Amino acid sequence: MSQATATEITDTGVIQSVSGPVVTARDLDARMNDVVYVGEEGLMGEVIEIEGNVTTVQVYEETSGVAPGEPVESTGEPLSVDLGPGVLDAIYDGVQRPLDVLEDKMDSAFLDRGVDAPGIDLEELWEFEPEVEEGDVVEAGDVVGIVEETVTIDHKVMVPPDYEGGEVVAVEAGEFTVTDTVVELDNGEEITMRQEWPVREARPSEEKQTPRTPLVSGQRVLDGLFPLAKGGTAAIPGPFGSGKTVTQHQLAKWADADIVIYVGCGERGNEMTEVIEDFPELEDPKTGNPLMARTSLIANTSNMPVAARESCIYTGITIAEFYRDMGYDVALMADSTSRWAEAMREISSRLEEMPGEEGYPAYLAARLAQFYERAGYFENINGTEGSVSAIGAVSPPGGDFSEPVTQNTLRIVKTFWALDADLAERRHFPSINWNESYSLYREQLDPWFEDNVDEEWPEKRQWAIDVLDEEAELQEIVQLVGKDALPEDQQLTLEIARYLREAYLQQNAFHPVDTFCPPEKTFSMLTTIKTFNDEAFSALEAGVPVDEIIDIDAAPRINRINVQEDYEEYVEELKADIKEQLRALY
Ligand code: ADP
């Protein structure tokens with residue numbers, strides 16, 4: 001947060017009560033969502049309720065030891081983030097304090113309280129390359145220059161959205177800090193590389209558009225069956241050991257987003273420690289640079305109270321919108337929104353609000369919706385197009401999807417990737433349950449797949465879905481009477497479904513080739529299985545016994561398409577062999 005750089009104190013009140021992260025103050029002149037400093041230590045908090053002379057604050061730091069009678073200071077400013085070069089490759093806590101700066105300041109890995117740190121380094125020099133000249137007229141949102149923020153990402157320096165804009169009267173290339181003026185306008189407005197933005201307010205856009213491009217992930221089960229759109233929303237439940245971490249890493253590495261924002265508002269400190277340790281190790285497979293060069297990590301550290309989970313989420317989405325404004329495609333992953341909802345429940349109960357379902361506040365659904373609504377495919381105010389795709393993990397207790405957080409989330413998001421602990425146990429990875437998952441983007445993304453991959457994309461996908469559905473039904477019968485009791489055509493269907501599951505839906509994240517499957521290969525694999533299907537059924541109709549059909553030499557080679565680098569040739573040969581071997585049987 002920008003607290004170190006902002007702020008004057010506009011008023012001082014007195015603490016009346018302290019209840020965990022909720023503090024009430026008397027005689028404080030503040031507005032809703034204003035940032036306040038609580039107690040002698042100056043812990044950061046945010047005004048969440050005002051009733052008469054009593055102001056209620058949720059505090060983003062541990063409040064033990066804070067006592068009634070201590071001061072509360074209002075800044076008169078809403079909770080905001082610092083935006084500018086330096087946000088990427090940074091690891092923040094829930095109120096955008098860079099963890100490395102905090103550690104240096106306190107000489108310890110355990111964060112102390114009441115420590116200030118600006119979200120971006122105010123002293124670092126950046127090489128500013130202007131994109132405008134004196135005499136040019138610029139408007140809010142326009143790009144005035146470029147800074148190489150990391151080896152991977154060019155940072156676009158923009159006129160802040162709340163500026164009027166005007167004619168450029170001074171601009172210079174060179175090295176500047178984020179607070180130096182780089183462009184001056186005739187109306188006196190000065191543009192720096194740093195912007196502040198209140199986290200609870202969506203950054204403005206020209207228009208939110210219907211997303212029509214997939215966020216290609218290179219994961220077959222996702223791209224092939226349950227695609228997410230650029231600017232879309234998805235939920236992913238994460239029962240322990242179900243492969244959630246691997247799935248998230250795969251998305252972070254391979255999804256064709258320019259920028260990744262990872263928001264960790266986890267429960268246990270060590271969950272987040274893992275993330276903080278893991279992410280900086282990851283390599284960006286597309287560039288060979290560290291993945292962090294296009295990533296910003298916001299992690300609620302162990303000594304931060306539950307309230308900070310909320311600020312994590314808002315900080316993350318605001319940063320995402322900032323890079324969207326530059327014309328980038330941003331993927332935001334929030335892990336886990338259930339922990340955030342639990343925080344809302346705790347705060348709400350301390351406020352003695354009327355509880356809704358399972359003790360969650362009545363506004364749970366509205367809050368979740370507000371968050372996901374900030375995702376989307378946008379025409380930005382500077383005319384560029386950019387997107388924020390939001391992928392929220394949910395962690396339903398006991399894997400029970402009927403609980404309120406999961407249910408409310410599913411009403412909002414348009415993609416559901418049901419990670420399944422049973423599949424993981426059977427070593428079916430990625431363990432995304434194809435019967436329970438869905439994507440409401442399929443139809444609107446079909447034209448893209450038809451134009452960019454193959455016009456039969458939708459038809460082939462539907463065929464696969466139908467076979468898998470049929471398998472699910474047949475499995476019930478098989479459990480009762482055994483496979484051999486089924487008619488031959490159904491036995492054959494089961495065999496085809498097995499290839500769909502094992503060869504197509506399974507994908508090994510740790511295999512150098514299989515880890516990423518371009519959509520063309522995804523389609524090609526499906527086509528091969530379909531060829532086997534069609535030829536096999538023709539053979540069956542011609543009277544060949546099912547056992548002979550499924551026994552052909554070529555069939556098991558379907559299971560190895562995934563690891564072929566030059567799959568085209570392999571697939572063509574395989575399809576020819578399947579045909580030849582099956583036709584030889586009749
Ligand atoms: P979680 O985070 O849900 O506890 P992980 O993501 O750590 O689970 O996955 C547990 C294990 O499952 C991993 O160590 C790995 O062996 C295996 N696994 C998960 N996903 C995949 C995958 N896509 N490919 C191969 N192995 C996987």
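Based on Cα positions only, what radius of gyration and what Dmax would you give for the range 303-394, in angstroms?
Answer for the range 303-394, Rg first and Dmax second: 15.0, 46 Å.
How big is the range 525-569 in terms of Cα radius of gyration and Dmax, in angstroms?
Cα-based Rg and Dmax for the range 525-569 come out at 11.9, 37 Å.
Short version: ³J(HN,Hα) in whole Hz for each residue of the range 388-399, in order, from phi by Karplus 6.51 cos²θ - 1.76 cosθ + 1.60 (θ = phi - 60°), x for Gly and Pro, what are they?
10, 9, 10, 10, x, 7, 10, 10, x, x, x, x
³J(HN,Hα) across the range 442-456 via Karplus (A = 6.51, B = -1.76, C = 1.60, θ = phi - 60°), whole Hz, x for Gly/Pro?
Working through the residues one at a time gives 3, 5, 6, 9, 3, x, 5, 5, 5, 6, 9, 10, 6, 5, 8 Hz.
Against the longest principal axis of the chain, how steep is helix 457-481, in degrees 0 to 90 to the nearest 10, with axes from Cα atoms?
Here the helix axis deviates by roughly 70 degrees.
How high is the relative contact order of the chain, in percent, with contacts defined as C-alpha pairs under 8 Å that are six or more residues apart?
Contact order relative to length: 13 percent.
Ratio of alpha-carbon Rg to the 2.2 N^0.38 Å globular estimate for the range 384-525, to two decimals, please.
Expressed relative to 2.2 N^0.38 Å, the Cα Rg reads 1.21.
Can you sort Arg501, Arg339 from fewest to most other Cβ atoms within 10 Å of each residue's own Cβ?
By the 10 Å Cβ count, ascending, the order reads Arg501, Arg339.
Using only the Cα atoms, work out Rg/Rh for the range 50-102, with Rh taken as the Kirkwood radius, to two decimals.
1.06
Over the range 227-372, what is the relative contact order in percent, taking alpha-carbon pairs closer than 8 angstrom and at least six residues apart?
Averaging sequence separation for qualifying contacts and normalising by length gives 26 percent for the range 227-372.
What is the calculated FRET efficiency for Glu103 to Glu379, with r their C-beta to C-beta distance and R₀ = 45 Å, to the nearest 0.05?
0.65
Based on Cα coordinates alone, diagonalise the gyration tensor for the range 468-533, multiply each eigenvalue by 5, take square roots, and list the semi-axes in whole Å, largest first.
Whole-Å semi-axes of the equivalent ellipsoid: 28, 13, 8.
Based on the Cα gyration tensor of the chain, what are the three equivalent ellipsoid semi-axes, each the root of five times an eigenvalue, rounded to whole Å and given largest first?
50, 29, 19
Over the range 63-218, what lengths in whole Å, largest first, do the semi-axes of the equivalent ellipsoid take, defined as the square roots of 5 times the eigenvalues of the alpha-carbon gyration tensor?
So the three semi-axes of the range 63-218 are 32, 20, 19 Å.
Laboratory data are not the source of any read-out in this text; all were calculated from the coordinates shown. Please read all numbers here as calculations on a predicted model, not as lab measurements. Reconstructed Cβ throughout: ideal geometry from the backbone, glycine too, with neighbour counts over all protein chains shown.
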